[in-house]
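Each remark here refers to the structure printed beneath this line.
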Amino acid sequence: MTVAAAQIARVPNRSGIWYFVRRNPTLVGGLFVLALVALAALMAPLIAGDPILAKPVNRLRPPSQVNWLGTDQLGRDVWARTVYGARISLVVGLSVAAIAMTIGLLIGLLAGFSRTVESVVMRLMDGLMAIPAILLAIAFVSLSKASVSIVVAAIALPEIPRVVRLVRSVVLSVREQPFVEAAVASGTRLPKILRRHILPATMPPLIVQATYVAASAILIEAALSFLGAGTPPEVPTWGNMIASSRVYLGLAPWTIFGPGVALALVVLAVNLVGDGLRDHLDPRIARRM
Amino acid sequence: MGAFIIRRLLSTLLVMGLVGVFIFLLLHLSPGDPAAIIAGDNATPAQIEAIRTSLGLNDPLHVQFGRWAVRVLNGDLGISIFSNVPVATLIGQRVWPTISLAFTTIVLAVALALAAGVLAAWKAGSLADRLVMILSVVGFSVPVFVVGYLLIYVFAITLRWLPVQGYSPLAEGFWPWASHLILPSIALGLAYVALIARITRTAMLDVLAEDYMRTARAKGVATGPMLFKHALKSAGVPIVTVVGIGIALLIGGVVITETVFNLPGIGRLVVDAISKRDYPIIQGVILLFSGVYVIINLLVDLSYTLLDPRIRY
Amino acid sequence: MTAPLLDVQDLKTHFFNEDGVTRAVDGLSFAVAPQETVGIVGESGCGKTVTALSILQLLPPRLGRIVGGRILFEGTDLTTLGEGALRAVRGDRIGMIFQEPMTSLNPVLSIGHQIAEAVRIHKGASASAARARARQMLDLVKIPDAARRLDDYPHQFSGGMRQRVMIAMALACDPKMLIADEPTTALDVTIQAQVLKLMLELKAKTGAAIVLITHDLGVVAETCQRVVVMYAGRKVEEAPVRQLFTCPAHPYTRGLLASIARGKAGARAKRLKEIPGMVPSLREPIVGCAFAPRCQFAVEACRRQQPGLMPVAGEPQHQAACLRVGEVLAS
C-alpha cells in the first residue's frame with residue numbers, strides 16, 4: 001500500500017529495559033533462571049547444608065522443613081547435594097562450550113581460508129561426527145583416570161565438528177560478499193579483514209551455537225555420571241545422584257526427582273537463552289518461529 | 001545417477017575408515033597408559049605387561065592399526081577382556097532388544113512428530129501451535145533418564161498400567177513385547193520427536209506460504225490432501241535430513257534407556273563394559289553404531305531424489 | 001437479457017493487521033454474462049487482484065475478509081457458502097489461473113497428476129480416466145508430445161508452457177467461468193501473445209466466460225468485450241471495450257490512456273503524460289471521490305461525496321463514477 005499523506009504516527013518508546021524484556025521474553029526468562037541457579041551454586045556453602053554428611057538414621061525421609069528435598073539412602077540431604085551438583089553441571093557446561101567454540105573457531109577459520117586445510121579437515125570432521133557423542137565420551141573417559149577435566153575434554157571433542165562446520169560456512173559466505181572483495185582488492189591485510197568483517201559475522205551464530213553446545217554438554221555430563229563414566233563418585237553430580245538412588249524410585253521419588261527436575265530446569269533455561277538469542281539476533285527467523 | 005551413488009559410497013567408506021582410525025587412536029592417545037587402566041588399580045606390573053602384550057600395544061602404531069583393521073573387516077571385533085567371548089558374539093546375543101526398541105521408537109516418534117509439526121504449522125499462532133512449540137523445547141531439554149524414571153513412577157509404579165522394566169521377546173507374545181517397549185520408546189524418543197516436530201513446523205510454514213498451495217486451494221483440494229500430499233511432500237527434504245541426523249540422538253540415548261528400563265540390549269552391554277573397563281566391547285559397539293549411523297544418512301541422501309524431482313544427481 | 005453468470009454486488013473486502021484496516025475493495029459492483037470476456041483494469045494496489053481472490057474466497061485466511069456485499073454465481077451467493085460448498089465450486093464451476101507460472105505449480109508432483117487431480121476430485125473419475133482427460137487438456141493447450149509430458153515435473157517446462165499447464169488445469173473440469181489474474185504479466189511479450197490467443201481459442205471452444213485481471217490496457221484491447229476500470233478499491237468506469245478507448249468518460253481512464261504510448265508516429269516525439277499525485281492510502285476511509293486530489297476537473301462537490309455511477313452519452317452499457325462527465329467528454 002502506498003504511503004499516506006502527513007500523518008505522524010505515535011512513536012513507541014523503544015528505549016529502556018522493560019522494552020527489551022517485553023520483546024525478548026524467552027531470552028530474559030532463561031537468563032533469569034540461569035542467574036538464580038548460578039548464584040545458588042556459588043553460594044552453596046551458605047544456603048545449603050552439608051552434601052556429604054551421612055546420617056543413616058535419617059535415611060529416606062520425605063521433604064520436610066529440615067530437609068527441603070528429603071534425604072537419600074545414606075541420610076544425606078538431597079537439597080544440599082542438588083545445589084552442589086549444580087556446580088559441576090554449570091562448570092562443565094561453560095567449559096565445554098568455551099573450549100569447543102575456541103577450537104572450533106580456529107579450525108573453522110583455517111578451513112574457510114585454505115582450500116587444502118578445508119578438504120582434509122572437513123573429512124576429519126565428518127568422521128568425528130559419525131560417532132555418537134555419548135559413546136565417544138564414554139570411550140574417552142574409560143581410557144583415562146576420571147576427573148572433571150577429562151570429562152570436559154571428552155564431551156568437548158564430539159562438539160567441535162558442528163562448530164567447525166558453522167564457522168566455515170559463515171566464513172565462506174562472508175568472503176564472497178562484495179565489500180570483502182573490495183577490501184581485499186584495496187590491499188587490506190588479512191588480519192584486518194578478519195577483525196573487521198569475518199569475526200563480527202561469525203559471532204552471532206557462534207554465540208547461539210555456544211548455548212546449544214552448553215545445553216548438550218550438561219546433558220551428556222549428566223548421562224556420563226549416570227552411567228558411571230563421569231566424574232569421580234565422591235563429588236555429587238545430578239547424574240550420579242540419580243544413578244545411586246535408582247532402586248528407591250518407588251519408595252523415595254524425591255531422591256531422583258530433586259536432581260532430575262534441577263537438571264531439566266537448567267537445560268531448559270539454557271535452551272531458552274539459545275532460542276531467545278537466535279530470535280533477537282536474527283528477527284527474520286523469529287517472525288516465523 | 002549411478003555415478004553419484006558410487007561417489008557417495010566411496011565417501012561413506014572413507015568416513016567409516018576415518019571412524020576406525022579415530023577409535024583406534026583413542027586407545028592410544030588418551031592420557032594415561034591404557035594397559036594400566038584396563039588392568040585396574042591393583043594390578044601388578046607383570047599383569048599390566050601381560051595385558052599390553054595381549055593387546056599388541058608394544059608394536060609400532062601403524063602395524064597395530066593394520067592388524068586391527070584387517071580383523072575388523074573380517075568381522076572380528078576383538079575379544080572381551082573379562083569374559084573372553086568374542087565381542088561380535090556378545091553383540092549378536094543382545095541385538096534384538098535394541099533393534100526392537102529402536103524400531104518402535106522411530107516409528108512412533110516420526111509419526112507423532114510429523115502430525116504435531118503439520119498441526120502446528122497449519123494452525124500457526126494458535127494455542128495448539130504454542131503448545132507444540134513449548135512441548136518441543138521442554139522435550140528437548142529433559143534428559144532421557146529423568147523422563148524414563150518419571151514415566152516409570154507414574155505409569156508403572158503408581159498406576160500399574162505397564163511393567164516397570166525388563167524385556168519380553170516377540171516370540172513370547174505381541175502384547176508383552178509391546179508393553180515392555182512403550183515407556184522406553186517414549187523416554188528415548190521424546191527429544192527426537194521434539195527435534196522433528198520443530199523442523200516439520202518450520203518447513204511446513206515455508207511451504208504453506210508458497211503460491212502453489214493457493215493454486216491447490218483454487219482447484220478445490222480438501223484440507224487433508226493439501227497438508228499431506230501437496231505440502232508435506234514438498235517440505236520433505238529438510239525433514240528427512242533431520243530424521244537422519246537425529247538418529248545420533250537415538251543411538252546415544254539407547255545406552256541410557258536400556259539402563260533405566262533394564263533391557264538386555266547392546267546399550268547395557270556397553271554400560272557393563274564401562275565399569276569393568278572392558279575396552280574391546282566399547283570399541284566394537286562404537287564401530288557398529290557409527291556404521292549404522294553412516295549408512296542411515298547415506299540412505300537419507302539417496303532419498304532426496306525421490307522426494308524432490310528437482311534434485312537429480 | 002439473460003441472467004448474469006456472475007453478479008458482484010457492492011463487494012467490500014478488507015485486510016486486518018496489527019497496523020489497522022486496509023480497505024482493499026470498497027463497494028465494487030459488476031456483472032459477467034455467460035461466455036462474456038470482461039477485463040478488470042487498474043494500477044497496482046487498486047484492488048483488482050483482491051477482487052479476483054474474493055470471488056473464490058482465496059484470501060489469506062487470517063488477514064483478509066469479505067466484510068460486505070454479495071457475489072452471486074449462477075444465482076447462489078458465494079459469500080454465504082461454507083468451505084465445503086466452496087470447494088465444490090472451485091476448480092469445477094469456476095477455474096482460476098494466477099500471475100506467476102514459475103511458482104504456482106507444485107514442484108514435487110507431476111503436471112499430469114496436478115491436472116488429473118481436479119478431475120478426480122470433482123468428477124469422481126478413476127485414475128486412468130482422469131489421466132486421459134489430463135492428456136486431452138495438454139493437447140488442447142498445445143503442449144507437444146503430451147503423452148510423455150504428463151509425467152514430467154514443472155521445472156522441466158518453460159514459463160510460457162507452465163502457464164499453459166495452469167490453463168489446462170483450470171479448464172479441466174469444464175468450468176463455466178475462468179478467472180485469470182494477470183496471466184501474462186510475468187511472461188515475455190511474444191509468449192504473452194501466444195497465451196492470450198490460446199485463451200481466446202479455448203474460450204470459443206468451451207464457452208467459458210473469462211474475467212481477466214490486468215494492468216495492461218493493450219491486453220484488454222485485444223481480448224475483452226467489456227472493461228471495468230478500478231481505482232482505490234472502487235469502480236470508476238465500465239464500458240464495452242471499443243467505447244472505453246474511443247470515448248473514455250472518467251478522468252482517471254483518460255489519464256491512463258494518455259500515459260501509455262500510442263502507436264502513432266507523432267506520439268513518439270512527445271513526453272509520456274503522467275497522472276500527477278499518488279494513490280490515496282486505503283487505510284483511512286476516503287471521503288468523496290477517491291481520484292479528486294489528482295483530478296483536473298474536480299470541484300468542491302467531488303470532494304464532499306462519493307459520486308455514483310452516471311450513464312455516459314446515452315449508452316446504457318457505459319458508466320462512469322464522475323459528477324462532471326459532461327465536462328470530461330467535452331474536453
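Read-outs: derived from the displayed coordinates by stated rules, not from any lab. Worth saying up front: this structure is predicted, and the values here are computed from it rather than measured. Here Cβ is always computed from backbone atoms with ideal geometry, including for glycine, and neighbour counts include all displayed protein chains.
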Review point. With charges only on Cβ, +1 for K and R and -1 for D and E, what is the dipole size of chain A about its Cα centre, in debye, rounded to 20?
Key: 640 debye
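Divide by every residue of chain A the summed helix terms, -39500 (n - 2.57) for each DSSP H run of at least 4, and state the resulting mean residue ellipticity at 222 nm, rounded to the nearest 500 deg cm²/dmol. Intermediate values should be presented prior to the final figure.
Details: 13 runs with 200 residues, N = 289.
It comes out at -23000 deg cm²/dmol, rounded to the nearest 500.
Equivalent ellipsoid semi-axes for chain B, as square roots of 5 times the alpha carbon gyration tensor eigenvalues: give them largest first, rounded to whole Å. Working shown, then result.
Details: eigenvalues 358, 140, 49 Å².
After scaling each eigenvalue by five and taking roots: 42, 26, 16 Å.
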Check your understanding: When the helix-only estimate is applied to chain B (DSSP H runs of n ≥ 4, each -39,500 (n - 2.57), divided by the residue count), what is the mean residue ellipticity at 222 nm, nearest 500 deg cm²/dmol?
Key -> -24500 deg cm²/dmol
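When a footprinting reagent is the concern and you count Cβ atoms within 10 Å, what order do C:MET199, A:MET125 take, fewest first? Can you show the working numbers first?
On the way: C:MET199 25, A:MET125 22.
Ordered by Cβ neighbours within 10 Å, fewest first: A:MET125, C:MET199.
Take the Cα gyration tensor of chain A, multiply each eigenvalue by 5, square-root it, and list the three semi-axes largest first, rounded to whole angstrom.
Values: eigenvalues 361, 159, 38 Å².
Three semi-axes, in Å: 43, 28, 14.
Do any trypsin sites (Lys or Arg not before Pro) in region A:175-241 lie in a DSSP loop with no more than 11 other beta carbon atoms within 10 Å, and if so, which? Could the numbers behind the result be given before it?
Values: sites: A:ARG175, A:ARG189, A:LYS192, A:ARG195, A:ARG196; in loops: A:ARG189.
When the trypsin sites (Lys or Arg not before Pro) of region A:175-241 are filtered for loop state and at most 11 Cβ neighbours within 10 Å, A:ARG189 remain.
Work out the mean other chain Cβ neighbour count within 10 Å for the residues of B:216-228 and drop it here as an integer. Intermediate values should be presented prior to the final figure.
Values: counts 9, 10, 17, 16, 16, 7, 4, 2, 0, 2, 0, 0, 0.
For this peptide, the per-residue mean of nearby foreign Cβ atoms is 6.
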Exercise for review: Kindly provide log₁₀ I(q)/I(0) values, in the same order as q = 0.06, 0.07, 0.11, 0.13 Å⁻¹, from the Debye equation applied to equal alpha-carbon scatterers of chain C.
Suggested key: -0.22, -0.31, -0.74, -1.01
Exercise for review: Taking every pair of Cα atoms in region C:248-331, average 1/r, invert it to obtain the Kirkwood radius, and report Rg/Rh to two decimals.
Suggested key: 1.01
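Tell me what chain C gives for mean residue ellipticity at 222 nm when only DSSP H runs of n ≥ 4 count, each as -39,500 (n - 2.57), the sum divided by the residue total, rounded to 500 deg cm²/dmol. Write down the numbers at each step before the final one.
On the way: 13 runs with 115 residues, N = 331.
Taking each H run of at least 4 residues, the total per residue is -9500 deg cm²/dmol.
Once you keep just the Cα pairs under 8 angstrom separated by 6 or more residues, what percentage relative contact order results for chain B?
Working: 340 pairs, mean separation 78.7, N = 313.
For chain B, the relative contact order is 25 percent.
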Revision key, fill the gap. With bins of 5 Å, the percent of all Cα-Cα pairs of region C:184-255 per bin from 0 is 3, 14, 25, 22, 17, 13, 5, 0
Practice item. Select from B:LEU287, B:GLY139, A:ALA154 the residue farthest towards the positive end of the dipole of the protein assembly as shown; place +1 on Cβ of Lys and Arg, -1 on Cβ of Asp and Glu, and compute about the Cα centre. Key: B:GLY139
Point to revise | Total charge dipole magnitude, region C:248-331, about the Cα centre, Cβ charges on Lys, Arg, Asp, Glu only, Debye to nearest 20 | key: 460 debye
Point to revise | Percent of Cα pairs exceeding the 52 Å cut-off, where the set is the protein assembly as shown | key: 36 percent
Practice item. Please report A:VAL174, A:VAL66 as a ranked list, fewest other C-beta atoms within 10 angstrom at the top and most at the bottom. Key: A:VAL66, A:VAL174
**Study point:** Whole-Å distance, taken between Cα centres, linking region A:219-246 and region B:236-275
**Key:** 18 Å
Practice item. Quick one: check the C-alpha center-to-center distance for region C:75-115 versus region B:201-232, whole angstrom. Key: 12 Å
Review point. What net charge do the residues around C:GLY112 carry, taking every other residue with its C-beta under 11 Å from that of C:GLY112, with Lys and Arg at +1 and Asp and Glu at -1?
Key: +2
Exercise for review: Among B:GLY78, B:GLY246, B:ASN262, pick out the residue whose Cα is farthest towards the positive end of the charge dipole of the protein assembly as shown, where Lys and Arg carry +1 and Asp and Glu carry -1 on C-beta, about the Cα centre.
Suggested key: B:GLY246
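Report the extension gain between B:ASN262 and B:ALA222 in nm, rounded to one decimal, defined as 0.36 nm multiplied by the number of residues separating them, less their alpha carbon distance. List each step's numbers first, then the result.
Details: separation 40, 0.36 × 40 = 14.40 nm, distance 4.68 nm.
That works out to 9.7 nm of additional length.
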Practice item. Would you tell me the mean number of C-beta atoms belonging to other protein chains that fall within 10 Å of each C-beta in B:126-137, as a whole number? Key: 1
Practice item. Using the charge dipole of region C:248-331 (Lys, Arg: +1 at Cβ; Asp, Glu: -1 at Cβ; taken about the Cα centre), state which of C:ILE275, C:CYS322, C:ALA298 has its Cα farthest towards the positive end. Key: C:ILE275
Revision key, fill the gap. Residues A:LEU143, A:LEU224 in order from fewest to most other beta-carbon atoms within 10 Å are A:LEU143, A:LEU224
**Study point:** Mean separation of Cα contacts under 8 Å, 6 or more apart, over the residue count of region C:248-331: relative contact order %
**Key:** 28 percent
Practice item. Express in % the proportion of alpha carbon pairs of region C:102-199 at distances exceeding 16 Å. Key: 52 percent
**Study point:** Given charges at beta-carbon only (K, R positive; D, E negative), |dipole| of chain B in Debye
**Key:** 1060 debye
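Beyond a 18 Å Cα-Cα separation, which of these cross-linked pairs lie in this structure: C:LYS123/C:LYS203; B:LYS219/C:LYS176; B:LYS229/C:LYS142; C:LYS48/C:LYS235? Don't skip to the answer; put the middle values down first.
Numbers: C:LYS123/C:LYS203 21 Å; B:LYS219/C:LYS176 14 Å; B:LYS229/C:LYS142 28 Å; C:LYS48/C:LYS235 10 Å.
In this structure, C:LYS123/C:LYS203; B:LYS229/C:LYS142 exceed 18 Å between Cα atoms.
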Review point. Considering only DSSP beta bridges whose two residues both sit in the protein assembly as shown, what percent are antiparallel, to the nearest 5?
Key: 65 percent
